[in-house]
Amino acid sequence: AWMDMIKARNLTSHTYQTTVANGIANDILTRFYPAFVALEQRFSRLGMQADGTP
């Protein structure tokens, strides 16, 4: 999903087509946002492990 985010970001800079923009917006909601949430949760778990928190 991460490389797709980069591709989508590049497309948003150069697209003027509603269908492309709507597709990217859908990907943000259904794929990219959940990936960021998972990353944040992973970082939180790693931080707790580093602090010695179970």
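The values are calculated or read from the model by the stated rules, or taken from the named source; none is laboratory data. Remember, predicted model here, so these are calculated numbers, not experimental data. Every residue, glycine among them, receives a Cβ derived from its backbone with ideal geometry; neighbour counts consider all protein chains shown.
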Which residues, counting only those in the stretch 13-41, are at pLDDT below 90 and surrounded by 12 or more Cβ atoms within 10 Å (Cβ to Cβ)? Thr15
State the number of residues belonging to the stretch 7-40 that are of a type in the set (Asp, Glu) and touching a residue at least 12 places away in the same chain (Cβ under 8 Å). 1
